[in-house]
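Taking it in order: structure first as structure tokens, then the write-up.
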Amino acid sequence: MNLFQFFADAVSDAVAALAGDGVLPDGLDTARVAVEPPRDAGHGDVTTNAAMVLAKSARMKPRELAAALAGRLAAMESVADVEVAGPGFINLRLAHPFWHERLRDILKAGSAYGDSTSGAGTAVNIEFVSANPTGPLHVGHGRGAVVGDVLAALLEKAGYRVTREYYVNDAGAQVDALARSLHFRYREALGEDAGAFPEGLYPGDYLVPVAEDMVRRDGDRWRNAEAGDWLPAFRDVAAERMLALISDDLALLGVRFDVMTSERRLVADGKVEAALATLAEMGLLYEGVLEPPKGMLPDDWEPRPQTLFRATLFGDDVDRPLKKSDGSWTYFATDIAYHLDKYRRGFASMIDVWGADHGGYVKRMRAAVKAISDGHADLDVKLCQMVNLLDGGQPVKMSKRAGSFITMREVVERVGRDVFRFVMLTRKNDAQLDFDFEAVVEQSRENPVFYVQYAHARCRSVLRHAAGELGAGAVTDAALAATALERLTDQAELDLIRQLAAWPRLVETAAAAHEPHRVAFFLQEVAASFHVLWTKGKDDARLRFITPSDVPMTLARLALVRAVQAVLASGLEVFGVEPVEELR
């Protein structure tokens with residue numbers, strides 16, 4: 001239950017009732033009315049701007065309308081107090097029994113608490129990682145993988161129908177460079193002194209076993225062959241093996257894809273020509289000459305007629321070329337075809353997770369999606385900033401295996417999948433992130449991964465101890481939901497229940513905003529509140545979770561502990577992180 005949606009419905013009902021009484025005119029539109037947590041917790045539990053939004057249409061002063069609405073809302077059993085504040089805000093303070101019922105909701109739902117239908121089954125395509133198949137994934141790819149995968153899980157929890165997609169960039173100059181790199185390693189595997197590694201190729205050791213396999217398979221067949229003969233064979237083998245390598249890396253991180261789309265297949269199937277023909281029919285292509293890029297000297301620029309897309313009609317800064325000087329397609333042309341293909345597969349809602357170096361590409365791609373869908377599709381691009389690898393505060397940069405960077409696999413194998421996944425969401429995707437090997441495994445409250453897992457483990461420890469004291473049947477979810485929860489009256493206990501009850505709204509709002517990092521922040525806040533309550537119980541015997549002399553109070557507090565554990569598990573499930581039962 002999203003309690004804020006519950007009170008939004010209550011406000012709409014109050015408006016309708018006042019209209020029925022003749023106090024308000026019929027047909028007032030409440031779509032723009034906000035019902036949300038107040039910025040200052042001292043103002044209550046729920047606030048609404050309904051009176052200010054509706055006052056003009058109702059031809060009433062905001063505070064006058066607020067007073068009328070407040071009178072209706074005050075009659076609700078769940079409302080303890082109503083206040084009209086400022087220019088017409090209505091602040092509600094909710095009764096204790098309302099919060100106790102939310103605790104029962106959590107106990108009945110378990111880790112499914114927060115599941116929502118707000119997405120209404122809307123189809124969403126999330127394309128993420130999509131690294132060129134030219135070598136192992138680096139840590140930046142890993143961040144994009146986690147952002148995309150967790151966003152997909154969050155949207156699924158909110159009721160969207162999600163497809164995870166990987167776009168394989170297996171055409172173009174980079175794959176040719178990979179093939180040439182493999183051929184160099186192949187010559188080395190044949191025993192040649194091939195000299196220094198050519199500039200512009202991929203020097204990592206990961207191609208060595210691939211070259212050795214080619215020698216075992218083909219012998220020296222390609223040693224003296226012309227490049228036109230060996231290049232296609234080496235391109236195919238290299239791309240296939242690198243994609244398998246990438247898939248293994250992603251499996252280690254717990255990331256799976258529903259669809260793998262090949263750029264090369266897209267081109268071979270004529271979908272680029274078809275997409276541009278569609279744009280031509282819409283009158284969105286023309287032959288023209290672009291102005292030189294900003295900052296380029298005139299003698300550095302060769303103006304030439306090009307096939308251009310009218311991107312400026314859809315919010316871009318300039319019109320964009322679709323063909324290179326050699327007649328091949330630009331990346332933009334194939335990307336238009338790819339997004340049109342997604343749209344025709346039924347995805348009017350698309351999310352692309354890219355590296356920060358693609359920031360200049362966002363406007364043109366959004367313009368293209370608007371054009372090819374005639375305004376019916378939407379593209380949201382999530383840019384992932386750099387990850388700075390540190391060890392004890394010192395930068396870590398090199399890896400022999402990759403040639404110039406630390407691979408994602410090296411990091412995951414060192415710290416564990418769950419730590420890697422959680423840490424990648426402790427900052428918003430467009431903020432740089434420091435990943436310190438020493439800090440992320442440290443067992444302290446400064447480490448958010450440990451702090452949340454420790455809270456979950458503490459909950460499990462309390463419940464195990466209680467089962468030993470009271471019997472397993474006394475601490476089942478059904479038994480705890482039936483206990484006397486009205487015994488929970490301490491302010492710290494009620495505040496913690498309020499936090500837990502905010503989880504359904506957070507799921508819906510974070511999903512709608514495409515911001516999975518909000519889940520990490522929420523889990524840290526819940527963990528902090530639970531640790532505070534734990535500490536209070538150590539200092540004050542009256543607040544201990546297990547009090548043998550007062551079994552009803554013990555059971556009520558165990559219900560709260562179990563609810564904390566369930567919500568933490570629910571959030572960690574979205575993250576793809578296994579909640580720990582105990583910390584050693």
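Return the loop-located GluC sites (Glu not before Pro) in region 392-482 (DSSP other than H, G, I, E, B) with at most 16 other Cβ atoms within 10 Å of their own Cβ; answer none if there are none. Don't jump to the answer; show the numbers that get you there.
Numbers: sites: Glu410, Glu413, Glu438, Glu442, Glu446, Glu469; in loops: Glu442, Glu446.
Loop-located and lightly packed - Glu442, Glu446.
Can you tell me the orientation of helix 173-189 relative to the chain, as the angle in degrees between its alpha-carbon axis and the longest Cα principal axis, to the nearest 10?
The two axes meet at around 70 degrees.
Write down the percent of antiparallel bridges among all DSSP beta bridges whose residues are both part of the chain, to the nearest 5.
Working: 21 of 45 bridges.
Once the DSSP bridges in the chain are tallied, antiparallel ones form about 45 percent.
Go ahead and estimate [θ] at 222 nm for the chain from helices alone: -39,500 (n - 2.57) per DSSP H run with n ≥ 4, summed, over the residue count, rounded to 500. Present the calculation step by step, with values, prior to reporting the outcome.
Working: 21 runs with 287 residues, N = 584.
Helices in the chain give a 222 nm mean residue ellipticity of -16000 deg cm²/dmol.
Ranking request for peptides 310-316, 194-200, 227-233: highest mean number of other beta-carbon atoms within 10 Å first, then the rest in descending order. Before the final figure, lay out each step's value.
Numbers: 310-316: 16.7, 194-200: 10.3, 227-233: 13.7.
Going by the mean number of other Cβ atoms within 10 Å, highest first, we get 310-316, 227-233, 194-200.
Treat each spin label as a single point 7 Å out from the Cα along the C-beta direction, and report the Glu77 to Lys61 distance in nm.
3.6
Helix 227-253: angle to the longest alpha-carbon principal axis of the chain, degrees 0 to 90, nearest 10?
Once rounded, one gets 20 degrees.
Please name whichever of Leu470, Leu182, Trp222 sits farthest to the positive end of the charge dipole of the chain, dipole taken about the Cα centre and charges placed at Cβ: Lys and Arg +1, Asp and Glu -1.
Leu470
So for the chain, averaging the separation of alpha carbon pairs under 8 Å that are six or more residues apart and normalising by length, what relative contact order in percent results? Each step should come with its number before you reach the end.
Working: 934 pairs, mean separation 97.5, N = 584.
In percent, rounded to a whole number, it is 17.
Let me spell out the model: positive unit charges on the Cβ of Lys and Arg, negative unit charges on the Cβ of Asp and Glu, origin at the Cα centre of the chain. What dipole size does that give, in debye rounded to 20?
It works out to roughly 880 debye.
Express in nm, to one decimal, how much length is gained between Val441 and Asp490 on full extension, taking 0.36 nm for each residue of separation and deducting their alpha carbon distance. Please report the intermediate quantities before stating the final value.
Numbers: separation 49, 0.36 × 49 = 17.64 nm, distance 3.46 nm.
Value of the extension gain: 14.2 nm.
Once amide H atoms are placed 1.01 Å from N in the peptide plane, what residues at a sequence separation of 5 or more from Val381, or on another chain, have their amide H within under 5 Å of its amide H?
Those lying under 5 Å, H to H, from Val381 are Asp352.
Give the shape of the chain as rounded, prolate or oblate, defined through the alpha-carbon gyration tensor: a ≥ b ≥ c are the square roots of its eigenvalues, a/c under 1.5 means rounded, and otherwise the shape is prolate if a/b is larger than b/c and oblate if not.
Working: a/c = 2.92, a/b = 1.52, b/c = 1.92.
It is oblate, given that a/c is not under 1.5 and a/b is not larger than b/c.
Need one value: the accessible area of Phe437 in square angstrom, 1.4 angstrom probe, rounded to the nearest 10.
Phe437 exposes around 10 Å² with every protein chain in place.
Using only the heavy atoms of the protein chains and a 1.4 Å probe, how would Tyr331, Tyr167 rank by accessible area, largest first?
On the way: Tyr331 110, Tyr167 10 Å².
Reading off the accessible areas and sorting them downward yields Tyr331, Tyr167.
Using the Cα centre as the reference, give the magnitude of the dipole from point charges on the C-beta atoms of region 27-67 (Lys, Arg: +1; Asp, Glu: -1; all else neutral), rounded to the nearest 20 debye. Please list the in-between numbers first.
Details: 6 positive and 5 negative charges, 57 e Å.
Dipole of region 27-67, to the nearest 20 debye: 280 debye.
Output the peptides 499-506, 533-540 sorted from most to least packed, where packing is the average of other Cβ atoms within 10 Å over each peptide's residues.
On the way: 499-506: 22.2, 533-540: 13.5.
Output ranking for 499-506, 533-540: 499-506, 533-540.
Of Trp99, Trp329, which has the most accessible area with a 1.4 Å probe, and how do the rest follow in descending order?
On the way: Trp99 10, Trp329 60 Å².
Highest to lowest solvent-accessible surface, that is Trp329, Trp99.
Considering only protein heavy atoms, with the full assembly of protein chains and a 1.4 angstrom probe, order Met214, Met52 by accessible area, largest first. Each step should come with its number before you reach the end.
On the way: Met214 5, Met52 65 Å².
In descending accessible area the options line up as Met52, Met214.
Taking only Cα atoms, what is the 0 to 90° angle, nearest 10, from helix 271-281's long axis to the longest principal axis of the chain?
Once rounded, the angle reads 80 degrees.
What is the percent carbon and sulfur in the accessible area of the chain, measuring with a 1.4 Å probe over the protein chains and ignoring ligands?
On the way: 13170 of 26580 Å².
C and S fraction of accessible area: 50 percent.
Given a cut-off of 28 Å, what percent of all Cα-Cα pairs of region 426-584 lie beyond it? Each step should come with its number before you reach the end.
Values: 2949 of 12561 pairs.
Here the long-distance tail beyond 28 Å is 23 percent of all Cα pairs in region 426-584.
Taking square-rooted eigenvalues a ≥ b ≥ c of the alpha carbon gyration tensor, is region 529-584 rounded, prolate or oblate, where a/c under 1.5 means rounded and, failing that, a/b exceeding b/c means prolate? Kindly include the intermediate steps, with their values, before the conclusion.
On the way: a/c = 2.63, a/b = 2.01, b/c = 1.31.
Judged from the Cα gyration tensor, region 529-584 comes out prolate (a/c at least 1.5, a/b above b/c).
What accessible area per residue comes out for the chain, rounded to a whole number of Å², with a 1.4 Å probe? Provide the component values of the computation, followed by the final result.
Numbers: 26580 Å² over 584 residues.
With the other protein chains kept in place, the chain gives 46 Å² per residue.
The values are calculated or read from the model by the stated rules, or taken from the named source; none is laboratory data. Bear in mind that the values here come from a model prediction, so they are computed numbers and not experimental data. Positions of Cβ are generated from backbone atoms using ideal geometry, with glycine treated the same way; all protein chains shown enter the neighbour counts. In case anyone asks, the SASA skips ligands and DNA or RNA and just uses the protein heavy atoms, side chains included. Shrake-Rupley method; radii C 1.70, N 1.55, O 1.52, S 1.80 Å.
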